Amino acid sequence: MSEVYTPSITVLDSPADVEASVADLLIDQISQKPNSVLTLPTGGTPIGIYGLLVAAYQARRVDFSRITTINLDEYWPIKNNHPASYAYYMNDHFFNHVNVPLENQNIPNGEAHDVDREAKRYEQVIKQHAIDLGLITLGPGETCHIGFNERGSAEDSRVRYVPLDEQTKQANLRFFNNSEDMPEGAITQGVADILQAKRILFMATGEHKAWGVRRSLMGDISSDAPASFLRHHPNVTVIIDQAAASLLN
Ligand code: GLP
């Protein structure tokens, strides 16, 4: 049995407060270690954070020229230039506006023909880096997914293809203009890859995340709620808004 840790939990008033706080922590991390290696998420929750990081870059408060980014996941199969792909998302919200060197940007390739081979390649990318900080968000509904580690994902899982949970498909459909474009699965970092980061920032906002926050932070640590495995990591900071915290205690 792995040791169980109690993460520090900060509850802030609003999503905007959570975004500002997380953006500041990321900027601090990069100021202290300009060549930081960061795990990055996509989805709705972190959009505001990327906006704040772009603004900080434009105001010369932060320099991304030495960081390395390793994204959590990507749909598969999907064209990199599809507007709902995470490659497109990262360019649109972040990379096109800042100075992260292209060769330091890592995302699983949704266009790969052989998904298992692509998963192995991405695992090697992760193994070649010591990840300083992982920014992790919580999946929708009862999924409690991290990355695309859906329910049933093992704590020792590594990069692989995962079929999407029905609740994930429902929640993420909003990013696809044409529902038929939505892939059935994704390539994701495994739970073990995520836990390899020296420090993890776990964030969630909104009442619709309250059940998952409670399940992940207070329920059994098990594959039924992959985010619960974060409690096996000694250095997790949870930053949530009041709405997401409303079922704690
Ligand atoms: C996608 C990502 C997950 C993330 C989730 C959160 O499913 N693959 O890593 O946890 O989005 O979604 P949102 O922030 O849109 O609620």
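The values are calculated or read from the model by the stated rules, or taken from the named source; none is laboratory data. None of these values were measured; they are calculated from a predicted model. Don't worry about glycine lacking a Cβ; one is built from the backbone with ideal geometry, like all the others, and counts go over all protein chains shown. Just so you know, the surface numbers come from the protein's heavy atoms only, side chains and all, with ligands and any DNA or RNA stripped out. Shrake-Rupley method; radii C 1.70, N 1.55, O 1.52, S 1.80 Å.
Quick look at the numbers
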| quantity | calculated |
| --- | --- |
| Cross-chain or 6+ apart pairs with Cβ under 7 Å, the range 157-178 first and touching a residue at least 12 places away in the same chain (Cβ under 8 Å), then basic (Lys, Arg) | Asp165/Arg151 |
| Filter pass, Leu53 being in contact (Cβ under 8 Å) with a residue 40 or more places away in the chain, farther than 28 Å from Ile221 by Cα and surrounded by 19 or more Cβ atoms within 10 Å (Cβ to Cβ) | yes |
| Members of the range 56-67 found to be of a type in the set (S, T, N, Q) and either open to solvent by less than 20 Å² (accessible area, probe 1.4 Å) or assigned to a loop (DSSP other than H, G, I, E, B) (or both), listed by number | Ser65 |
| Single unsatisfied condition, Ser21 versus (1) within 21 Å of Gln124 (Cβ to Cβ); (2) within 17 Å of the chain's Cα centre (by Cα) | (1) |
| Test: residue in the range 70-79 that is in contact with a Pro (Cβ under 9 Å, 6 or more places away or on another chain), in a loop (DSSP other than H, G, I, E, B) and closer than 21 Å to Asp193 by Cα | yes |
| Tally, over the range 178-189, of residues that are within 13 Å of the ligand (Cβ to nearest atom) and part of a loop (DSSP other than H, G, I, E, B) | 3 |
| Within the range 17-46, considering residues that are out of contact with any Lys or Arg (no Cβ under 8 Å at 6 or more places or on another chain) and open to solvent by 60 Å² or more (accessible area, probe 1.4 Å), the one nearest to Asp156 (Cα to Cα) | Lys33 |
| Test: residue in the range 198-206 that is of a type in the set (Gly, Ala, Ser), over 16 Å from the mean Cα position of the chain (by Cα) and either within 24 Å of Glu111 (Cα to Cα) or open to solvent by less than 20 Å² (accessible area, probe 1.4 Å) (or both) | yes |
| Unique residue being in a helix (DSSP H, G or I), within 13 Å of the ligand (Cβ to nearest atom) and among the aliphatic types (A, V, I, L, M) when the list is Ala192, Ala227 | Ala227 |
| Every residue from the range 123-176 that is open to solvent by 20 Å² or more (accessible area, probe 1.4 Å), within 11 Å of the ligand (Cβ to nearest atom) and of a type in the set (Asp, Glu) | Asp165 |
